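Each remark here refers to the structure printed beneath this line.
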Amino acid sequence: MAIVLGGVIALFAAYSYIKLGVYYRDEGATYSFYKRTFPGSHFAASLIGWCVIFGYISTMALYAYTFSSYAISSSAFAESEWARRLVAGIVIVVFMLINVWSVRGMGKIEDLMVYSKLVILVVISFVLVNNSQTTLPVLLQNEGSTGFLSILIVASITFVAYEGFQLVINAVGEMEAPEKNIPRAIYSAIFLALLIYVVISLGAILAIPFDEIIKNEEYALAAGAGHVLGHWGNDLVIAGALLATSSAISGTVFGASRQMAVIALDGYFPAILARRTNNIPVAAIICMSALAFSLVLAGSLQVILEFGSVTFLLVSLLMAYANFRIRHLTGSSLIVTVVAIAGLMAGTVLIFYHVFVHRPEQIVFIGGLYLLLAAGAWLYARKGAGRTVVR
């Protein structure tokens, strides 16, 4: 239920991205949409640019941390926090080099990873469902005390699982018929992700005891599949997880680095990040990778997840507001846009409420990150205010 609700929120959020993407057709995406909708505020443009880029950096850290958790889950280092962080750093460097090397080469590797992981996930789903140890009515009866508020909180915290749809617009300059392909790509991506998540989670809760899922946390699916299906089940899940997180890292580096270069070109990031070699923003790719590894070293999986989700909820909320302001130009529905604003705002409040009640110390960490982002955005907004860049 939480995954479905998260997907619904993502669909409403995507509506404004699609309308703005088709209207502006700018590879700067989130940042450019807000800057062009509200051209009078340099600080607002700079702040949303910093927030969205560091949101992507947090997802890179999240994917890399998850990759490393699964990669070493069957080794003697499974419980070593530093081993996880080291492996996460290695995989970030690998995909940094791939993206610097060649767009065409990266695209072929990305396609191979995506198709392979989809096949593996279908097999995993079928096997787990086929080895069910219980039924949904029994689970609902045993877990009847779960409140709807808890489900809404989980849906909000896991919103980051859908953030990849925003990266589609970063490739608008290399896309045929954007007015058709942007909505097709984004809506189909969210639908397929939602379908995969629901089927995988359904198979997991039917086949794997809850205590196994809770005990193993970061690599629960592999550990549970190994318990139910033996070593080959464990190996298959690990392969699927490694492919899934690898393609997520690669796609995020590709799209977000180009957005970072656009922001730097406007003076809101260091100028060196705008430089491109063979149309590849090498400096931006290296910078994002270094910052993602720094976040892996500084925070836990939980805090990275919460920071990423609340950042993308806030950014999506601002995009919905921007679309609301120019809905007469984008041809957007007032009802859909208002519902999106309300849903995204509710999700943001729920995350902060959850963190404040259960892990108040993390409010300090997340709040500190936002203060640093605001300070950096303010500093470069002052510099950017003196520049007029025509793109």
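Things worth noting here:
- Checking Val91, Val87, Val52, Val103 one by one, the residue that is of a type in the set (A, V, I, L, M), in contact with a strand residue (DSSP E or B) (Cβ under 9 Å, 6 or more places away or on another chain) and either under 28 Å from Ser316 (Cβ atoms) or modelled with pLDDT of 90 or more (or both) is Val103 and no other.
- In the stretch 188-200, the residues that are buried (at least 18 other Cβ atoms within 10 Å of the Cβ) and of a type outside the set (A, V, I, L, M, F, W, C): Tyr197
- Which listed residue, of Val8, Val4, Val22, Val52, is more than 18 Å from the chain's Cα centre (by Cα), of a type in the set (A, V, I, L, M), at negative phi and part of a helix (DSSP H, G or I): Val22
- Residue satisfying all of: in the stretch 291-305; buried (at least 18 other Cβ atoms within 10 Å of the Cβ) and small (Gly, Ala, Ser); farthest from the chain's Cα centre (by Cα) among these: Gly299
- Residue check for Ala161: at negative phi, surrounded by 19 or more Cβ atoms within 10 Å (Cβ to Cβ) and in contact (Cβ under 8 Å) with a residue 12 or more places away in the chain: yes
- Breaking point among (1) buried (at least 17 other Cβ atoms within 10 Å of the Cβ); (2) over 22 Å from the mean Cα position of the chain (by Cα), for Ala185: (2)
- Residues of the stretch 199-214 include none that is over 26 Å from Arg85 (Cα atoms), without any contact (Cβ under 8 Å) to a residue 12 or more places away in the chain and either among the hydroxyl-bearing types (Ser, Thr, Tyr) or not in a helix (DSSP H, G or I) (or both).
- Checked against the criterion of being buried (at least 16 other Cβ atoms within 10 Å of the Cβ) and farther than 30 Å from Val303 by Cα, the candidates Arg84, Arg25, Arg36 yield just one match: Arg36.
- So Leu372, is it surrounded by fewer than 15 Cβ atoms within 10 Å (Cβ to Cβ) and at pLDDT 90 or above: yes
- Restricting attention to the stretch 127-158, the residues that are in a helix (DSSP H, G or I), farther than 22 Å from Val349 by Cα and free of Cβ contacts under 8 Å to residues at least 40 places away in the same chain total 6.
The values are calculated or read from the model by the stated rules, or taken from the named source; none is laboratory data. Quick caveat, the model's predicted, so the values are computed rather than measured. Positions of Cβ are generated from backbone atoms using ideal geometry, with glycine treated the same way; all protein chains shown enter the neighbour counts.
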